[in-house]
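**Student:** Questions regarding the structure given below will be posed in turn.
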């Protein structure tokens with residue numbers, strides 16, 4: 001009888017050991033898949049950047065574009081014409097594509113995590129409407145925080161942060177819950193939109209055209225000083241988002257669960273909102289309103305890498321850079337001799353992609369499972385109770 005008990009115990013231990021080894025194997029495969037997706041997006045973005053630098057009246061061979069850039073960086077310029085065209089016209093735009101794509105997509109992934117809402121993006125909090133109002137005031141009324149060439153940028157950045165301040169104030173009075181933040185952001189968005197529209201009604205046609213061009217969104221930036229400022233915002237903001245990744249996974253299970261293990265969900269949500277607001281404001285103040293990047297990219301990345309923010313944020317950022325580079329290329333080649341602003345192309349690309357995800361995947365895309373160790377929890381599938389135990 002004792003032998004039977006020992007045998008059953010050994011068999012049970014062997015079964016648990018095999019199950020544990022299978023889970024480890026699945027975890028390693030999942031990690032490799034996530035890293036492969038990020039690497040593939042970076043490689044594709046590198047190729048897309050070469051294609052984007054090759055577009056223009058002055059033809060430069062695909063591989064030649066990289067040689068020209070490398071020669072400039074090493075101080076061995078051999079073709080002054082190609083060097084001037086590349087660094088004064090094309091490369092700033094390409095860098096802006098990458099920076100805007102990385103920053104907006106990473107911000108969107110964080111916003112969807114802290115608000116636990118699949119429709120959240122950097123503009124949900126009213127950041128875009130605030131920036132548009134600031135730019136409208138500078139262009140139509142001539143009122144700005146600075147008299148330099150950064151008048152529109154400074155106004156857009158300042159007013160983009162006002163909705164965040166209002167949300168924080170309301171959160172102090174009530175609670176920093178996802179519902180409170182979303183509803184406050186929507187209210188501020190409508191107020192800014194209405195005020196901007198009122199100002200535009202009395203602006204002259206040239207000013208209206210300039211305001212419209214800004215609000216559509218463009219990465220066609222010529223000033224390297226603007227690119228460097230964007231770089232500082234994107235690097236600092238994305239790095240801060242990545243530092244919060246583990247805690248974002250914790251609050252995904254709910255505020256009560258987070259509180260039980262010592263994580264203050266409301267405080268983390270406020271900090272994340274501040275970081276995302278600074279990141280998004282630092283981008284849209286230069287580029288204008290580029291929609292759908294922060295909304296669609298995290299959705300697509302989540303299908304491949306799952307909901308673990310440690311991988312979701314860099315995956316979304318890499319895919320965002322690729323998407324914006326692709327949109328820029330399409331905008332420059334779809335109509336011969338003319339270029340379409342990148343904000344228009346992202347709307348054309350993002351709307352059907354989002355509609356497809358809604359119809360094809362439904363709620364399964366958003367079933368939250370940051371740990372996702374088992375097959376059933378991967379990429380938003382599987383039983384919720386199983387995922388919670390994983």
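**Student:** Determine, yes or no, whether residue 307 is part of a loop (DSSP other than H, G, I, E, B), surrounded by fewer than 24 Cβ atoms within 10 Å (Cβ to Cβ) and in contact (Cβ under 8 Å) with a residue 24 or more places away in the chain.
**Tutor:** No; evaluated as a whole, the condition is false for this residue.
**Student:** Can you confirm whether residue 217 is crowded, with 22+ Cβ neighbours inside 10 Å and at positive phi?
**Tutor:** It is true that residue 217 is crowded, with 22+ Cβ neighbours inside 10 Å and at positive phi.
**Student:** Oh, and also: Just to be sure I understand, how many residues within region 44-74 are over 24 Å from residue 321 (Cβ atoms) and modelled with pLDDT under 85?
**Tutor:** The qualifying residues number 3.
**Student:** Any residue in region 21-36 that's over 17 Å from residue 307 (Cβ atoms): show its pairings with residues that are at pLDDT below 85 at Cβ separation under 8 Å, as long as the two are six or more apart or on different chains.
**Tutor:** As it stands, the answer is 23/373; 23/374, since those pairs meet every condition given.
**Student:** Could you list, ordered by first residue, the pairs with Cβ atoms under 6 Å in which the first is in region 329-340 and at pLDDT below 85 and the second is in a helix (DSSP H, G or I), at least 6 apart or interchain?
**Tutor:** Qualifying pairs under 6 Å: 339/331; 339/332.
**Student:** Check 194, 258, 203 and return the single one that is closer than 19 Å to residue 139 by Cβ, over 23 Å from the mean Cα position of the chain (by Cα) and either at pLDDT below 85 or assigned to a helix (DSSP H, G or I) (or both).
**Tutor:** Details: 258 fails: closer than 19 Å to residue 139 by Cβ; 203 fails: either at pLDDT below 85 or assigned to a helix (DSSP H, G or I) (or both).
After applying the criteria, what remains is 194.
**Student:** Could you tell me whether any residue of region 108-119 is more than 26 Å from residue 319 (Cβ to Cβ) and either part of a loop (DSSP other than H, G, I, E, B) or touching a residue at least 40 places away in the same chain (Cβ under 8 Å) (or both)?
**Tutor:** No: region 108-119 contains no residue that is more than 26 Å from residue 319 (Cβ to Cβ) and either part of a loop (DSSP other than H, G, I, E, B) or touching a residue at least 40 places away in the same chain (Cβ under 8 Å) (or both).
**Student:** Residue 174 versus (1) free of Cβ contacts under 8 Å to residues at least 12 places away in the same chain; (2) touching a helix residue (DSSP H, G or I) at 6+ places or on another chain (Cβ under 8 Å); (3) within 26 Å of residue 325 (Cβ to Cβ): which is the lone unmet condition?
**Tutor:** Only one criterion is unmet by residue 174, namely (3).
One line per residue, one yes/no per condition, for (1) at pLDDT 85 or above; (2) under 27 Å from residue 347 (Cα atoms):
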| residue | (1), (2) |
| --- | --- |
| 137 | yes, yes |
| 145 | no, no |
| 148 | no, no |
| 183 | no, yes |
| 187 | yes, yes |
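**Student:** OK, next. Which one of these does residue 88 not meet: (1) part of a helix (DSSP H, G or I); (2) more than 28 Å from the chain's Cα centre (by Cα); (3) loosely packed, with under 14 Cβ neighbours inside 10 Å?
**Tutor:** Only one criterion is unmet by residue 88, namely (2).
The values are calculated or read from the model by the stated rules, or taken from the named source; none is laboratory data. None of these values were measured; they are calculated from a predicted model. Counting neighbours? That spans all protein chains shown, and the Cβs are built from the backbone with ideal geometry, glycine included.
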